[in-house]
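What follows is one structure encoded as structure tokens, with my remarks underneath.
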Amino acid sequence: MGFKVAVVGATGNVGREMLNILEERGFPIDEIVALASRRSQGTEVSYGDRTLKVKALDTYDFSDTDICIMSAGGNVSKEWSPKIGKQGCVVIDNSSAFRYDQDVPLIVPEVNPDAISLFTRKNIIANPNCSTAQLVVALKPLHDAATIKRIVVATYQSVSGAGKDGMDELFTQTRAVFVADSVENKKFTKRIAFNVIPHIDVFLDDGFTKEEWKMVAETKKMLDPKIKLTATCVRVPVFIGHSEAVNIEFEKPITADEARDILREAPGCQVLDKREDGGYITPLESAGEDATFISRIREDSTIENGLSMWIVSDNLRKGAALNAVQIAELLVERGLIQPKKKAA
Ligand SMILES: NC(=O)c1ccc[n+]([C@@H]2O[C@H](COP(=O)([O-])OP(=O)(O)OC[C@H]3O[C@@H](n4cnc5c(N)ncnc54)[C@H](OP(=O)(O)O)[C@@H]3O)[C@@H](O)[C@H]2O)c1
């Protein structure tokens with residue numbers, strides 16, 4: 001028994017990774033379709049050993065497709081996801097378009113798998129923001145053990161989080177600096193090569209950015225509405241892998257050793273925490289990996305029941321494509337979806 005799966009945004013950073021992960025994990029697929037804008041019609045993308053010719057989203061008929069994994073930005077999703085859902089195809093959406101909709105579950109399978117049953121309301125399931133996904137994977141088991149009251153997080157987000165144009169800009173600018181060429185800022189507001197930029201997404205009235213607000217809203221929706229969170233989101237000149245310096249205040253006492261033991265057993269987590277040179281993870285090593293890595297776990301004596309830690313993950317995998325495929329797997333495991341072809 002296999003499904004017909006469409007990947008929208010198949011030529012993008014997340015879409016390409018999506019095709020890799022669907023194949024790597026052996027998701028039960030009878031037919032796979034790669035979709036993107038008309039610009040990409042006929043271009044080729046890889047799915048395992050096979051090459052797929054990209055088709056245009058706006059002329060594709062979803063009526064016999066079971067699952068659509070959307071990775072083409074918020075505007076495309078706003079226009080297309082409801083229409084696709086109405087055709088009986090379940091949409092797993094990577095954009096922020098439906099994450100805060102009460103009728104759309106926002107899912108990280110290690111964190112809130114039971115919320116998935118809500119999906120029948122609109123046939124849409126939302127995938128969280130990349131920075132939030134890795135944060136909640138690491139914090140869920142600690143919240144279960146000692147109840148988190150407040151989180152202070154600073155992110156160090158790679159340029160791939162801004163799509164393929166973001167990666168191109170870091171590459172082009174780095175080269176331009178070395179050959180003493182002029183450096184142009186197109187995707188980012190300031191030079192990203194050999195620099196860091198404390199600004200991701202638009203500014204809101206309270207001075208925070210939308211990226212920072214997303215971390216607050218999504219953590220509350222998935223983990224616990226009572227948790228207070230404040231974030232500073234920063235773009236750094238790293239190609240793949242988001243890092244986070246996190247300070248957590250708990251209701252109950254928890255030691256660094258206890259947290260380390262809990263995280264060692266937690267799904268999706270890998271502890272790499274030796275207090276010696278190189279005994280921690282960096283984003284470079286996280287690229288291509290599925291785990292959320294946790295290092296530098298230590299007690300913070302400036303607050304009651306406080307811990308600090310360093311959380312790193314591949315933003316294109318757990319932050320986007322892997323999580324979306326895990327959501328599709330959850331639908332299948334729980335018998336929430338049947339292939340249309342078999343039913344017909
Ligand atoms: N990168 C991350 O870490 C990350 C994490 C979580 C969520 N996301 C979300 O995932 C989505 C994709 O991100 P990305 O990094 O893969 O971006 P990207 O590399 O810029 O790729 C964008 C994709 O969307 C397609 N697209 C654009 N306009 C379209 C249209 N009108 N119709 C159909 N397809 C269209 C593009 O196709 P063409 O090649 O034809 O233009 C391309 O395949 C975004 O919503 C993003 O917020 C990204």
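The values are calculated or read from the model by the stated rules, or taken from the named source; none is laboratory data. Here the structure is a predicted model, which is why all the values come from computation and not from measurement. Using ideal geometry, Cβ is built from the backbone for each residue, glycine included, and neighbour counts are taken over all protein chains shown.
Would the range 124-135 turn up any residue that is touching a helix residue (DSSP H, G or I) at 6+ places or on another chain (Cβ under 9 Å) and surrounded by fewer than 23 Cβ atoms within 10 Å (Cβ to Cβ)?
No, the range 124-135 contains no residue that is touching a helix residue (DSSP H, G or I) at 6+ places or on another chain (Cβ under 9 Å) and surrounded by fewer than 23 Cβ atoms within 10 Å (Cβ to Cβ).
Tell me the residue from Thr132, Thr172 that is modelled with pLDDT of 95 or more and either closer than 20 Å to Ile227 by Cα or assigned by TED's automatic domain parsing to the domain that holds Leu284 (or both), please.
Every option except Thr132 fails the conditions.
Looking at this structure, is Asp257 within 20 Å of the chain's Cα centre (by Cα), in the same structural domain as Gly306 (by TED's automatic domain parsing) and not in a strand (DSSP E or B)?
no
I'd like to verify a number: residues in the range 245-285 that are surrounded by fewer than 18 Cβ atoms within 10 Å (Cβ to Cβ) and on the phi > 0 side of the Ramachandran plot, how many?
Of the residues in the range 245-285, 1 are surrounded by fewer than 18 Cβ atoms within 10 Å (Cβ to Cβ) and on the phi > 0 side of the Ramachandran plot.
Tell me which residues, restricted to the range 291-327, are buried (at least 24 other Cβ atoms within 10 Å of the Cβ), assigned to a strand (DSSP E or B) and either of a type in the set (Ser, Thr, Tyr) or touching a residue at least 60 places away in the same chain (Cβ under 8 Å) (or both).
Passing the criteria: Thr292, Ile294, Met309, Ile311, Val312, Ser313.
Only residues that are touching a strand residue (DSSP E or B) at 6+ places or on another chain (Cβ under 7 Å) and either part of a loop (DSSP other than H, G, I, E, B) or among the β-branched types (Val, Ile, Thr) (or both): list them for the range 96-115, please.
Answer for the range 96-115, where residues must be touching a strand residue (DSSP E or B) at 6+ places or on another chain (Cβ under 7 Å) and either part of a loop (DSSP other than H, G, I, E, B) or among the β-branched types (Val, Ile, Thr) (or both): Phe98, Arg99, Val104, Pro105, Ile107.
For the range 241-295, enumerate the residues that are touching a strand residue (DSSP E or B) at 6+ places or on another chain (Cβ under 9 Å) and of a type in the set (Lys, Arg).
Arg260, Arg264, Lys274, Arg275
Across the range 18-40, what is the total count of residues that are more than 8 Å from the ligand (Cβ to nearest atom) and of a type outside the set (A, V, I, L, M, F, W, C)?
Here the count works out to 8.
How many residues are within 12 Å of the ligand (Cβ to nearest atom), in a strand (DSSP E or B) and more than 19 Å from Lys164 (Cβ to Cβ) when one looks only at the range 56-78?
Of the residues in that region, 1 qualify.
Every residue, every condition in (1) over 22 Å from Glu110 (Cβ atoms); (2) of a type outside the set (Val, Ile, Thr); (3) over 18 Å from the mean Cα position of the chain (by Cα); (4) assigned to a loop (DSSP other than H, G, I, E, B), yes or no:
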{"residue": "Asn195", "(1), (2), (3), (4)": "yes, yes, yes, yes"}
{"residue": "Lys220", "(1), (2), (3), (4)": "no, yes, no, no"}
{"residue": "Lys226", "(1), (2), (3), (4)": "no, yes, yes, yes"}
{"residue": "Ser243", "(1), (2), (3), (4)": "no, yes, no, no"}
{"residue": "Ile248", "(1), (2), (3), (4)": "no, no, yes, no"}
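Considering only the range 1-43, state which residues are of a type in the set (Val, Ile, Thr) and either within 23 Å of Ser63 (Cβ to Cβ) or touching a Phe, Trp or Tyr at 6+ places or on another chain (Cβ under 9 Å) (or both).
If the condition is that a residue be of a type in the set (Val, Ile, Thr) and either within 23 Å of Ser63 (Cβ to Cβ) or touching a Phe, Trp or Tyr at 6+ places or on another chain (Cβ under 9 Å) (or both), then Val5, Val7, Val8, Ile21, Ile29, Ile32, Val33 are the ones that fit.
Could you list, in sequence order, all residues of the range 137-188 that are outside any helix (DSSP H, G or I), loosely packed, with under 13 Cβ neighbours inside 10 Å and of a type in the set (A, V, I, L, M, F, W, C)?
Val179, Ala180
Out of all the residues in the range 135-161, which are within 16 Å of the ligand (Cβ to nearest atom) and more than 18 Å from Lys228 (Cβ to Cβ)?
Val137, Tyr156, Gln157, Ser158, Val159, Ser160, Gly161
Name the residues in the range 89-116 that are charged (D, E, K, R), away from the ligand (no atom under 12 Å from the Cβ) and surrounded by 16 or more Cβ atoms within 10 Å (Cβ to Cβ), would you? Full working, then the answer.
First, pick out the residues of the range 89-116 that are charged (D, E, K, R): 93, 99, 101, 103, 110, 114.
Retained after the next criterion (residues that are away from the ligand (no atom under 12 Å from the Cβ)): 101, 103, 110, 114.
Residue satisfying the conditions is Glu110 alone.
Return the pair list, or none, for Cβ contacts closer than 8 Å from residues in the range 1-22 that are without any contact (Cβ under 8 Å) to a residue 40 or more places away in the chain to residues that are within 13 Å of the ligand (Cβ to nearest atom) and assigned to a strand (DSSP E or B), at least 6 apart or on different chains.
If the second residue must be within 13 Å of the ligand (Cβ to nearest atom) and assigned to a strand (DSSP E or B), the pairs left are Arg16/Val45; Leu19/Val7; Leu19/Ala34; Leu19/Val45; Leu19/Leu52.
So in the range 1-17, with the set limited to residues that are farther than 18 Å from Arg39 by Cβ and surrounded by 24 or more Cβ atoms within 10 Å (Cβ to Cβ), which one is farthest from the ligand (Cβ to nearest atom)?
Only one residue tops the list, namely Val5.
Scan the range 162-177 and report the pairs whose first residue is away from the ligand (no atom under 12 Å from the Cβ) and whose second residue is in a helix (DSSP H, G or I), with Cβ atoms within less than 7 Å and a gap of 6+ or a chain change.
Leu170/Val159
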